[in-house]
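Please read the structure below before turning to the comments.
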Amino acid sequence: MPGNLFHQYTDLSIIREEPVSSPSHQSVASIINVESITTPFANQPLDIFFNKTLKRSFDIVFSILIITFILSWLIPIIAILIWIDSKGPVFFLQKRNKRNGKLFTCVKFRSMIVNADADILPAGPNDKRITSFGHFLRDHYIDELPQFFNVLFGDMSVIGPRPHMVSDDLKYEEQIEHYANRYNVKPGITGLAQVLGYVGAIEDINKMTERVNLDIFYQRHWSIKLDVIIIWRTILKPFHLSRAKEA
C-alpha cells in the first residue's frame, strides 16, 4: 500500500514523535513513485556538495531565463496596472526567514492597499485589503514572480519550503515540533506542499503540520526529477486554482 511504503522510505518518526497524517501519504503517492526512493537518512540529499551545486546551478540558469525573457517586459506592464489600480509602490518588500533562520527581503508585486497590518496579518478569503488587480495577481500567482530575483541573489531557490511571515514562523515554532527543520534548505518560490494544495494562510494547526511534514519530506528525498515534477505542476496550477494567499 502507498501509505506503508511512505512510512518505510520516509520514516518521519525519526524527526517527529507521531507519523504524518494520511492525506499527506496519499498526496505524495499521487505524484511520486515512493518505491523508487532509497535516500539514506544519515545524509540528506542537499547536504551533498554535488547535489547542492547542481540545484544552485539550476536556480541560476532558470531565474536568469525568467528574468530575461519574461520579467524584462512584464514588470513595466504590471507596474502601470498596479499604479492605475491603487496608490503605493509596485513592489511589496517583507522580511522573511531563509536557510538557517537568517532574514532576507522577500520581493513580491504589491497586491494589497498599503496597510499597517501587512507584516503581521496574513490575507484571508475576501480580504478587503486586496485590490481589484491584486486579486488577479494572486489568483494566477503572478505576484510571486519578482522572487526570481531572490533566487538569483541566492536567498531563495526555485523549489523549497515557502517562506512564511516572521510572525507566523514565531507562532508555529511554538506549536509544531521540529518546525524549524524547514530552515535546513533555502525557501522556494514553490514547493511540494504548494502543488499538493497547501497554499495561503492556514488556521488549522493540523493542516499546517501536514504542510511542514511535506516540506521535510522534500528535503529528505530531493532529486532533480522531483523538482521538475513540482515545476510542471506549478505551471499548470494557475489554470486550476485560485486562492487567498499569505501577504
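What follows is calculated from the coordinates using simple rules that are stated; it is not laboratory data. Keep in mind it's a predicted model, so treat the numbers as computed, not measured. Cβ placement follows ideal geometry from the backbone for every residue including glycine, while neighbour counts extend to all protein chains displayed.
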Please tell me which of these pairs span more than 20 angstrom C-alpha to C-alpha: K95/K186; K95/K237; K55/K186?
K95/K237
Between D204 and I229, how high is the FRET efficiency from 1/(1 + (r/R0)^6) when r is the Cβ-Cβ distance and R₀ = 30 Å? Nearest 0.05.
0.70
Given points 7 Å out from each Cα along the Cα-Cβ axis, report the W83 to A180 separation in nanometres with one decimal.
4.5 nm
Can you tell me, using C-alpha contacts under 8 Å and at least 6 residues apart, the relative contact order of the range 49-239 as a whole percent?
21 percent
With only Lys, Arg, Asp and Glu charged, each at its Cβ (+1 for the first two, -1 for the last two), find how big the charge dipole of the range 49-239 is about the Cα centre; round to the nearest 20 debye.
540 debye
Please give the length that would be gained between I60 and S132 if that part of the chain were fully extended, namely 0.36 nm times their separation in residues minus their C-alpha to C-alpha distance (nm, one decimal).
22.6 nm
Dipole magnitude of the range 78-179 about its Cα centre, charges +1 at Lys/Arg Cβ and -1 at Asp/Glu Cβ only, in debye to the nearest 20?
280 debye
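Mean shadow of the range 49-239, computed from the convex hull of its alpha carbons, in nm²?
Reported value for the Cα convex hull: 10.5 nm².
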Note down the magnitude of the dipole of the range 142-247 about its Cα centre, charges +1 on Lys and Arg C-beta and -1 on Asp and Glu C-beta and zero elsewhere, to the nearest 20 debye.
460 debye
Gap separating the Cα centres of the range 107-180 and the range 60-92, nearest whole Å:
16 Å
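Under 10 Å from the Cβ of N184, count the other residues' Cβ atoms, weight Lys and Arg +1, Asp and Glu -1, and hand me the total.
After counting each charged neighbour, the total is +2.
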